[in-house]
Structure formats: structure tokens, C-alpha cells
Amino acid sequence: MFREVVGRGWSLTPAGGRVLTDLLPEDLPAYSDRLAEETTVNGRGMTDYDLPTATDERAPLLVRRCLAYVAACLQRAQEDFGDTAVKSYVSFSFADTDEAPLTSNITFCTPLPDVRPYIPDLESVKDAAVAEFSAEDCSPWL
């Protein structure tokens, strides 16, 4: 599924949001700002139902899957928009269930000078591991 998302590329919304075309709903609701629009449309949990439940086995596979998706999406954004403005945010945390498996969420947005950052103080996040990636960060992987 994620390869199909990358393959369909990126689109601009009427508000100027940069969104993955395949994730764009048919009826795009009004959002309070472009950041909310981009992070809501682009945000997804990474598929992990096929991964082992033991964290030591699960973690490297989940991280690899997330980074592959991030790198492919950011490379495609650079091709589609001609710049490297889109950023990706990847979070890892343990699910709030009895089994508490490691899970991951990914979203993409374009930082703007007049809009608060998606995660204002990234280094102070305590309930998850969160990383920001740009196309430049991913170029050694491609």
C-alpha cells in the first residue's frame, strides 16, 4: 500500500498544502491552518500487523519500514515540488494495550515561517521517540 502512495506522488490543496495524492480525501474538509491540513491528510500509522510482537525482533523491522517509506516520500516530494521543504516526522511508542507492541506513526508537513512548528520542542518529547527527517537526511539511503 505504501509503495502505491509514493507512486501516486504529491498534490497541492486549494490552501497550498502539500499532501500525498493517494491520501487526499474526496471531500477535503476545511482546516484551521495549512499545518493541520498537511499533518492530518499525510499522517498514518505504519502497517505493523505482520511483524513479530517481541520488541527486539519487531523494532528493527519497523524502523526499516518507516525509514524506507519516509525516504521514498521525501524523494518524490523533491521531484514533484522541485525543493526540499517537506519534512517528515516519525514517532515510535508502545501501544496502550495489554500486549503493548511497539508502533509507529508518520506524517509529513512543510514548515512555514508564520506557522508554529509541528512539534515545537522536539527534544523535550518524553512519551515517544520522535525524529524529523528532510530529503537531505535521506539522500545517503537512496
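The values are calculated or read from the model by the stated rules, or taken from the named source; none is laboratory data. Values in this document were obtained by computation on a predicted structure and should not be read as measured data. Quick reminder, even Gly has a Cβ in these numbers, built from the backbone with ideal geometry, and neighbours come from all protein chains shown. The protein model used for the area step is the full one, side chains on, heavy atoms only, and it has no ligands, DNA or RNA in it. Shrake-Rupley method; radii C 1.70, N 1.55, O 1.52, S 1.80 Å.
Some notes on this structure:
- Which listed residue is free of Cβ contacts under 8 Å to residues at least 24 places away in the same chain and surrounded by fewer than 17 Cβ atoms within 10 Å (Cβ to Cβ), from Glu123, Glu132: Glu123
- The number of residues in region 1-32 that are charged (D, E, K, R), within 19 Å of Phe81 (Cβ to Cβ) and out of contact with any Lys or Arg (no Cβ under 8 Å at 6 or more places or on another chain) comes to 2.
- There is at least one residue in region 86-93 that is at pLDDT below 95 and out of contact with any strand residue (DSSP E or B) (no Cβ under 6 Å at 6 or more places or on another chain).
Residue-wise test of (1) closer than 19 Å to Leu12 by Cβ; (2) touching a Phe, Trp or Tyr at 6+ places or on another chain (Cβ under 9 Å).
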| residue | (1), (2) |
| --- | --- |
| Gly82 | yes, no |
| Ala85 | yes, no |
| Ser88 | yes, yes |
| Ser91 | no, no |
| Ala95 | no, no |
| Phe108 | yes, yes |
| Arg116 | no, no |
| Pro120 | no, no |
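- Listed by first and then second residue, the pairs with beta-carbon distance under 8 Å, at least 6 apart or on different chains, first residue in region 1-25 and among the basic types (Lys, Arg), second in a helix (DSSP H, G or I) and open to solvent by less than 20 Å² (accessible area, probe 1.4 Å), are Arg18/Glu38; Arg18/Ala77.
- Residue match in region 59-71 (condition: under 17 Å from the mean Cα position of the chain (by Cα) and hydroxyl-bearing (Ser, Thr, Tyr)): yes
- Helices (runs of 4 or more DSSP H) contained entirely in region 1-116, each with at least 3 residues that are open to solvent by 40 Å² or more (accessible area, probe 1.4 Å) and farther than 15 Å from Ala135 by Cα: 2-8, 55-81
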